[in-house]
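Student: So that we are looking at the same thing, I have put the structure below in structure tokens.
The values are calculated or read from the model by the stated rules, or taken from the named source; none is laboratory data. Model, not experiment: these values are computed from the prediction. All Cβ positions, even for glycine, are placed from backbone atoms using ideal geometry, and neighbour counts span all protein chains on display.
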Amino acid sequence: MRNSETVANEMVAVFRQTPEGHLLDCNQECARILGYGSREELLSAGGFEYTNASDLAAIASALRDVQKLSNIEIALRKKDNSIAWVLQNLQMVSVDEASKVWIEGAMFDVTEQRVAAQRFEYQAYHDALTLLPNRSLFVDRLNVALAQSKRRKLAVSVFLLDLDRFDIVNNALGRGMADRLLRAVADRLASTLREEDSLARFSGDEFMFMVGDTGFGTESAIVAQRVLDAMTRPFNVGGRAIELTASIGISMSQHDSNEAETLVRHASTAMYRAKEFGRNLYQFYDEKLNARTLERLALVSSVRRALDRGEFELFYQPEVDVQTGRIACVEAFLRWRHPDLGIIGPTEFLGVAEEAGLGGRIAEWVMAAACGQAKEWQDAGMETRIAVNLSSRDFKGHSLVQHVDQAVRDSGLDPRNVELEIAHASLSDCSRSTEILQALKEIGVLLAIDDFGSGGCSFADLKQLPVDTIKIAPMFVHNMIRRSDDAAIVQAMITMAKGFDMRVVAEGVETKEQLSYLLNRRCTEMQGFFLGKPLPAPSLSEVLRMQH
């Protein structure tokens with residue numbers, strides 16, 4: 001393409017442009033492909049509009065050498081803003097001895113072929129009836145999810161759902177109505193699951209979905225039961241109310257297998273076991289996991305009842321200023337006064353409760369109860385600061401600041417008498433942590449870093465955080481006398497806290513020797529069984545009454 005006569009040739013779309021993408025000339029066929037009435041209109045419009053900014057760079061990379069031929073398929077925007085896919089044959093051409101070059105090319109409209117290929121690919125990976133992903137696409141996605149979960153060390157749960165006695169329903173309704181019912185089932189499943197929970201139709205009346213980042217079986221059991229409950233609601237098809245139930249089999253990576261096809265096969269085995277046990281049920285492939293999950297679900301139900309019945313209470317452990325012998329603060333600890341089992345510590349139930357989505361309710365109750373108790377002591381002339389632990393999940397929750405503010409306001413307590421303890425390990429994102437801590441400070445509460453030294457932000461980052469207290473982790477206190485490295489860490493923490501004008505509290509003090517060691521290093525506030533174990537509110541009230 002050397003002259004205007006060639007450019008004017010209308011048999012093939014030909015053009016000339018600069019390496020920077022400026023269109024110098026083109027023929028009528030170029031204009032036609034891009035929806036323009038004439039070549040002059042296309043040229044005056046500014047030439048080719050690339051939909052992907054990287055396409056021009058790709059062209060330049062392909063045409064580094066003069067006279068080199070290159071083919072590239074790209075998307076250009078048409079006059080009506082739709083997309084035209086074109087195959088361009090390009091060549092870099094020297095214009096003169098001054099090293100000036102331009103690009104000459106021919107292009108062919110391949111939009112129909114591209115759309116057909118996309119349609120073929122879609123049909124290859126989707127179910128024609130429900131438009132859900134099919135087995136092939138589901139397994140591909142499962143493989144990706146398994147690779148990601150392996151890095152995060154969390155399980156992926158695979159669910160195979162089969163409609164119970166669907167052959168009877170199919171025969172009664174006929175093919176057309178049965179297909180409409182299957183589409184309704186697909187819609188019901190999609191609306192019940194989260195958007196990120198991949199759903200697919202496997203075959204006939206079988207559907208499959210997966211849930212990522214599951215830990216124990218409890219989360220998977222809750223999902224399965226939610227789906228089963230959704231399936232029991234009548235389906236309205238052609239003005240008829242049709243009732244269905246389903247059976248679900250569950251397999252879990254890290255428990256059963258880390259191979260996609262194996263997990264699918266195991267979920268199928270578990271599904272048939274659910275049918276054998278009576279239908280409208282879910283079963284895990286791992287029978288031991290079935291038993292453990294039932295136990296955990298029973299515990300979740302008990303925790304929910306305990307919240308409703310007021311069976312939770314707080315115990316309080318003093319933080320003592322050893323120099324004066326006075327209680328500087330009391331830390332609230334959650335306990336469950338079970339009607340049959342007596343006092344139960346949080347390690348027995350809190351993890352399961354959080355897994356089941358009850359962690360937020362429990363955290364709100366703890367905050368409200370602690371503030372209420374502190375206000376009672378204040379009104380009785382026994383004013384003391386109260387410390388409340390925030391779990392990592394609490395700290396990162398969207399409604400944390402609102403709930404803390406509400407609890408303080410409802411109790412009428414001076415916010416300066418509330419200290420929130422955030423685990424050091426929760427502060428790994430220093431920038432985000434600073435935002436949350438600053439929002440809490442605006443309420444007026446005090447802030448402490450709990451288990452300091454156990455991970456999270458660095459010592460250098462500490463001065464950027466709006467905190468009032470650091471609490472030395474018990475593991476350093478336990479080892480500081482017999483290990484020089486732990487002793488050095490404890491001394492550094494004390495010195496640093498003093499330098500930043502922060503309170504420093506040593507946790508886990510269990511012996512007189514530890515107390516003396518810390519006191520000699522100017523750490524005067526301590527907490528641990530040597531100074532006092534956690535007590536119920538009436539017992540600690542007596543201690544506070546004696547102090548005041």
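Student: Anything in region 259-304 that is crowded, with 21+ Cβ neighbours inside 10 Å and within 22 Å of Asp140 (Cα to Cα)? List them, or say none.
Tutor: Ala260, Leu263, Val264, His266, Ala267, Ala270, Met271, Tyr285
Student: If you go through region 223-257 one residue at a time, how many are buried (at least 18 other Cβ atoms within 10 Å of the Cβ), under 22 Å from the mean Cα position of the chain (by Cα) and not in a strand (DSSP E or B)?
Tutor: Going through region 223-257 one residue at a time, the tally reaches 5.
Student: I would also like to ask the following. Looking at (1) outside any loop (DSSP other than H, G, I, E, B); (2) surrounded by fewer than 19 Cβ atoms within 10 Å (Cβ to Cβ), which one does Val490 not meet, given that it meets all the others?
Tutor: The failed condition is (2).
Student: Related question: Select from region 409-438 the residues that are hydroxyl-bearing (Ser, Thr, Tyr) and in contact with a Gly (Cβ under 7 Å, 6 or more places away or on another chain) and list them in ascending order.
Tutor: Ser411, Ser426, Ser428
Student: Further question on the same structure: Restricting attention to region 273-317, report how many residues are closer than 26 Å to Arg335 by Cβ and of a type in the set (A, V, I, L, M, F, W, C).
Tutor: As a first pass, look at region 273-317 and keep what is closer than 26 Å to Arg335 by Cβ: 292-317.
Subset that is of a type in the set (A, V, I, L, M, F, W, C): 294, 297-300, 303, 306-307, 312, 314-315.
Of the residues in region 273-317, 11 are closer than 26 Å to Arg335 by Cβ and of a type in the set (A, V, I, L, M, F, W, C).
Condition check ((1) in contact (Cβ under 8 Å) with a residue 40 or more places away in the chain; (2) under 25 Å from Trp365 (Cβ atoms); (3) not assigned by TED's automatic domain parsing to the domain that holds Asn479) across all residues:
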| position | (1), (2), (3) |
| --- | --- |
| His398 | no, yes, no |
| Ala407 | yes, yes, no |
| Gly412 | no, yes, no |
| Pro415 | no, yes, no |
| Ile449 | no, yes, no |
| Phe452 | yes, no, no |
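Student: In region 394-420, what count of residues is obtained for those that are over 24 Å from Pro534 (Cα atoms), assigned to a helix (DSSP H, G or I) and not polar (S, T, N, Q)?
Tutor: To start, the set of residues in region 394-420 that are over 24 Å from Pro534 (Cα atoms) comprises 396-403, 405-406, 409-410, 412.
Now restrict to residues that are assigned to a helix (DSSP H, G or I): 396, 400-403, 405-406, 409-410.
Filter again for not polar (S, T, N, Q), leaving 396, 400-401, 403, 405, 409-410.
Adding up the residues that qualify gives 7.
Student: Which count do you get for residues in region 9-59 that are of a type in the set (A, V, I, L, M), modelled with pLDDT under 85 and either closer than 18 Å to Lys78 by Cα or surrounded by 14 or more Cβ atoms within 10 Å (Cβ to Cβ) (or both)? Walk me through it before giving the result.
Tutor: Taking region 9-59 and keeping what is of a type in the set (A, V, I, L, M), we get 11-14, 23-24, 31, 33-34, 42-43, 45, 53, 56-59.
With the extra rule that they be modelled with pLDDT under 85, the set shrinks to 11, 53, 56-59.
Keeping just the survivors that are either closer than 18 Å to Lys78 by Cα or surrounded by 14 or more Cβ atoms within 10 Å (Cβ to Cβ) (or both) gives 53, 56, 58-59.
Matching residues across region 9-59 total 4.
Student: Of the residues that make up region 374-396, is at least one in the same structural domain as Val320 (by TED's automatic domain parsing), among the aliphatic types (A, V, I, L, M), without any contact (Cβ under 8 Å) to a residue 40 or more places away in the chain and buried (at least 18 other Cβ atoms within 10 Å of the Cβ)?
Tutor: Scanning region 374-396, I find at least one residue that is in the same structural domain as Val320 (by TED's automatic domain parsing), among the aliphatic types (A, V, I, L, M), without any contact (Cβ under 8 Å) to a residue 40 or more places away in the chain and buried (at least 18 other Cβ atoms within 10 Å of the Cβ), so the answer is yes.
Student: Go through region 215-235 and report how many residues are of a type in the set (Val, Ile, Thr) and within 14 Å of Leu160 (Cα to Cα). Give the derivation first.
Tutor: Residues of region 215-235 of a type in the set (Val, Ile, Thr): 218, 222-223, 227, 232.
Those left that are additionally within 14 Å of Leu160 (Cα to Cα): 223, 227.
Number of matching residues: 2.
Student: May I ask you to list the residues in region 493-519 that are touching a Gly at 6+ places or on another chain (Cβ under 7 Å), not in a helix (DSSP H, G or I) and not charged (D, E, K, R)?
Tutor: Of the residues in region 493-519, the ones touching a Gly at 6+ places or on another chain (Cβ under 7 Å) are 493, 507-510.
Those left that are additionally not in a helix (DSSP H, G or I): 507-510.
The answer is Gly508, Val509.
Student: A further question follows. It is to be established whether one or more residues within region 317-337 are part of a helix (DSSP H, G or I) and not aliphatic (A, V, I, L, M).
Tutor: As a first pass, look at region 317-337 and keep what is part of a helix (DSSP H, G or I): none.
No, because not a single residue in region 317-337 is part of a helix (DSSP H, G or I) and not aliphatic (A, V, I, L, M).
Student: So, one more: Condition first: touching a strand residue (DSSP E or B) at 6+ places or on another chain (Cβ under 8 Å), more than 18 Å from Leu189 (Cβ to Cβ) and modelled with pLDDT under 90. Now tell me which residues in region 146-173 satisfy that.
Tutor: Gln148, Ser149, Arg152, Leu154, Ala155, Leu173
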